[in-house]
Amino acid sequence: MPERTRSELVVVSNRLPVTRARRGGNDDWDLSPGGLVSALTPVLQKRTSTWVGWPGPGSGAPRRLESQGIQLRPVHLTRSQVEHYYEGFSNRTIWPLYHDAVRPAEYHRIWWASYVEANRLFATATIDEAARGAIVWIHDYHLQLAPRMIRERRPDLRIGFFLHIPFPPQELFAQIPWRRQILEGLLGADVIGFQTTVGARNFTVLCRRYAGAEGSRDELRLHGHTSRVAAFPISIDTQEFARVAATPEVVRLAGEIRTRLGNPRRVLLGVDRLDYTKGIDLRLLVFEELLREKKIDPRDCVLVQVAVPSREQVHAYQTLRNEVERLVGSINGSFGDVGRSPVHYLHRSFAMPELVALYRAADVMLVTPVRDGMNLVAKEYVASRIDERGALVLSELTGAAHELRAALQVNPYDVDGLKEVFVRALELPESEQARRMIALRRVVERHHVHAWANAFLEGLGA
Ligand code: ADQ
């Protein structure tokens, strides 16, 4: 292996944030835009640093990469590891279970074995990259065993772990046949961060019960090692959203979107990864019922639903896609007319300025997950509404609801409650829109993603 400098900071996530770009007949790798990348780039560029992660299926990434002064260390996974560790244990066991088991979690020993094996691969790559006394920041549910695996071989490192999704209560977590190993894996970290205090509390209760850990609510001890447990609610690059929202291009595009929709009186918007936790189907059912009961007039009200393709190899996601597309078809078939559709469904990814233009074009933003660690879309909508207009309908079952108190909050399982709040949002007087939006904007202005990253790293002693 060529000589290289080991890193003072190593970030580890399942996915390496890169996309392949072909330039002049050569393959180049760019850092993909996104909240985590924009939050961490300034921190990473301040010192020698490496990002460890899987470059994605069949990407053919070389052993080492570099982009914008950050070293990238690809972890290559076999087809079987992708199937068992990633699609299996991560996305069919942990993901549904941690989201209130809204789909049944499946337990297979072969998936677990692969999860252990893959965590070891990430741990080994991290150990290889980290300088003596370095800071290691591990992200998310795919890598819950890595903190302990790393600590066992490198006690000199400061290890942080942040979970982006909810951490479930005892009644659910207790199902996992390997629950003790997962808790012990996480307790290898010095700082363990969650999106909410509820998640942090669930974790401490479980560690005492199933891992034999001792300590208080925010400090746990196991085998002579102490971990700090706390909530670090993630946020967005608020300034960047506000800057993009003010550009003439986005203002023009927002106007153009409304024109292309036929200048309806009201535009409702949903923007989600196509995931069964996001409540897209519930939202469509409520919209359909309101149309049927003539509480919404399809001639002056349009719903735009943007759904980014996600985890398409997993059966539950294929079923969800079919269901969403069936509902869209049924609503448009029943309530549309020639040249006029009540629902505009876009199954693809958008560049950030286009997304911000959609946020600016929407009178009502619908964020209705049945469970969500945080939900950045809600925060992005608020940050983009520099005009202090628009209404945010927000599920109580998101992490964001803990902070965005001035949103129109709703229990997504309560169909009548949802119907009421949709109608209320559509008719919200401008003065109330402004009052609420000003309060919401204050939250995201004060608490942005840079503050989040700094708080976590300070907690780690960086
Ligand atoms: P996700 O489940 O992916 O994240 P979310 O927080 O809403 O959910 O983030 C989605 C991101 O994708 C947003 O930044 C959004 O702008 C972007 N996006 C959505 N639709 C898009 C489209 N069509 N084109 C381009 N971009 C699109 C997980 C957890 C969340 C937690 C985050 C961060 O499930 O609860 O908030 O991590 O910790």
Filtered hits (lysines, Cα-Cα < 28 Å from residue 278, offset >= 8 within chain) -> 294, 295, 379, 419
Taking only the alpha-carbon positions of the chain as identical scatterers, the Debye log10 I(q)/I(0) at q = 0.10 Å⁻¹ comes out as -0.76
Between residue 113 and residue 208, the FRET efficiency computed from the C-beta separation at R0 = 25 Å comes out, to the nearest 0.05, as 0.35
In debye to the nearest 20, the charge dipole size for the chain, taken about the Cα centre with +1 at each Lys and Arg Cβ and -1 at each Asp and Glu Cβ, equals 660
Magnitude of the Cβ-charge dipole (Lys and Arg +1, Asp and Glu -1) of segment 238-446 about the Cα centre, nearest 20 debye, reported as 320
If N is the residue count of segment 355-462, its Cα Rg over 2.2 N^0.38 Å rounds to 1.12
Taking Cα pairs closer than 8 Å and at least 6 residues apart, the relative contact order of the chain in percent is 13
Expressed in angstrom and rounded, the centroid-to-centroid distance over alpha carbons for segment 287-350 and segment 24-39 is 32
Per DSSP, the loop-located trypsin sites (Lys or Arg not before Pro) within segment 316-366 having at most 11 other beta carbons within 10 Å are 348
With bins of 5 Å, the percent of all Cα-Cα pairs of segment 7-103 per bin from 0 is 3, 12, 20, 20, 16, 15, 9, 4, 1, 0
With label points set 7 Å from each Cα along the Cα-to-Cβ direction at residue 297 and residue 15, the distance between them in nm comes to 4.2
For residue 229, the residues 5 or more places away or on another chain with a placed amide H closer than 5 Å to its own amide H are 192, 219, 220
Scoring segment 285-439 by relative contact order with C-alpha pairs under 8 Å, at least six apart, yields a percentage of 20
Rounded to the nearest 5, the percent of DSSP beta bridges in segment 238-446 running antiparallel is 5
Mean projected area, convex hull of alpha-carbon positions in segment 238-446, reported to one decimal in nm², is 10.7
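No value in this document is a laboratory result; all are computed from the given coordinates. Computed from a prediction, not measured in an experiment: that's the story for all the values here. With ideal geometry, Cβ positions are generated from the backbone for all residues, glycine too; neighbour counts draw on all protein chains shown.
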